[in-house]
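Note sheet for the following structure.
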Amino acid sequence: MTDSIHTLKQLFRDAMASAAAGVHVITTDGAAGRYGITMTAVTSVTDEPPTIMLCINREAAIVPILLKNCDLCINTLSDGQQDIAEHFAGMTNLSPEERFEYHIWHRGQTGQLEVEGALAHLHGCVIEKHEIGTHYIFYVHLNEIKVADTTLPALLYFRRQFKYLA
């Protein structure tokens, strides 16, 4: 039975790798400190009120920080920002704090960090979370939205590689 569960888990991962997804860097800054991660499991829930859903592994270092800070910014990356995605995915040897030093940042109305050049910045506060399997599902009520140049291509993640949407 363990082999069939492992096989199903791997098949699920392979299937999800075949679904192209936008690449985002989630940043949070507050009483618990500053942190950021690269994510593709970011989904709209409703536009009234504007709400986003984030699926984050329970073991991710951002979880306790996000639970205490509550506020965050979802930075939707453009095709020229693969280096940012790699830094915040832990694919480079940079510490979590050093990752912020290699890019230009601005702050939104609630003080959350926006990376310059992103396609969009969605600021919000965690209003609820659920646990399922290995992950938490965080529901984020958006209170500030900025959309940048809409002609730039998006950065995507497809079959375990970064791709560009032309």
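The values are calculated or read from the model by the stated rules, or taken from the named source; none is laboratory data. Only a predicted model underlies this, so the values are computations on that prediction, with no experimental measurement involved. Glycine gets a Cβ as well: all are built from the backbone with ideal geometry, and neighbour counts include every protein chain shown. All accessible areas refer to the heavy atoms of the entire protein, side chains included, with ligands and DNA or RNA removed. Shrake-Rupley method; radii C 1.70, N 1.55, O 1.52, S 1.80 Å.
Report yes if HIS121 is more than 15 Å from the chain's Cα centre (by Cα) and under 19 Å from MET53 (Cα atoms), otherwise no. So that I can check it myself, show each step before the final result.
On the way: more than 15 Å from the chain's Cα centre (by Cα): no; under 19 Å from MET53 (Cα atoms): yes.
Judged against the criteria, HIS121 is not a match.
Considering only the range 138-166, how many residues are under 24 Å from GLY108 (Cα atoms) and of a type outside the set (S, T, N, Q)?
15
In the range 101-129, what count of residues is obtained for those that are acidic (Asp, Glu) and without any contact (Cβ under 8 Å) to a residue 12 or more places away in the chain?
Within the range 101-129, the first condition is being acidic (Asp, Glu), and the residues that meet it are 101, 114, 116, 128.
Filter once more, so that each one left must be without any contact (Cβ under 8 Å) to a residue 12 or more places away in the chain: 101, 128.
The qualifying residues number 2.
Any residue in the range 143-166 that is out of contact with any helix residue (DSSP H, G or I) (no Cβ under 9 Å at 6 or more places or on another chain) and buried (at least 20 other Cβ atoms within 10 Å of the Cβ)?
No, because not a single residue in the range 143-166 is out of contact with any helix residue (DSSP H, G or I) (no Cβ under 9 Å at 6 or more places or on another chain) and buried (at least 20 other Cβ atoms within 10 Å of the Cβ).
I need the full set of residues from the range 14-42 which are loosely packed, with under 13 Cβ neighbours inside 10 Å and either closer than 16 Å to CYS125 by Cβ or hydroxyl-bearing (Ser, Thr, Tyr) (or both), in order please. Working first, answer last.
To start, the set of residues in the range 14-42 that are loosely packed, with under 13 Cβ neighbours inside 10 Å comprises 14-16, 18-19, 31.
SER18, ALA31 - these are the residues of the range 14-42 that are loosely packed, with under 13 Cβ neighbours inside 10 Å and either closer than 16 Å to CYS125 by Cβ or hydroxyl-bearing (Ser, Thr, Tyr) (or both).
Quick check: anything in the range 62-84 over 12 Å from the mean Cα position of the chain (by Cα), among the hydroxyl-bearing types (Ser, Thr, Tyr), farther than 14 Å from LEU113 by Cβ and crowded, with 17+ Cβ neighbours inside 10 Å?
There is at least one residue in the range 62-84 that is over 12 Å from the mean Cα position of the chain (by Cα), among the hydroxyl-bearing types (Ser, Thr, Tyr), farther than 14 Å from LEU113 by Cβ and crowded, with 17+ Cβ neighbours inside 10 Å.
Within the range 91-111, track down each residue that is closer than 17 Å to MET39 by Cα and either open to solvent by less than 40 Å² (accessible area, probe 1.4 Å) or hydroxyl-bearing (Ser, Thr, Tyr) (or both). Don't jump to the end; show me each part of the working.
Going through the range 91-111, the residues closer than 17 Å to MET39 by Cα turn out to be 91-92, 96, 99-100.
Result: THR92, ARG99, PHE100.
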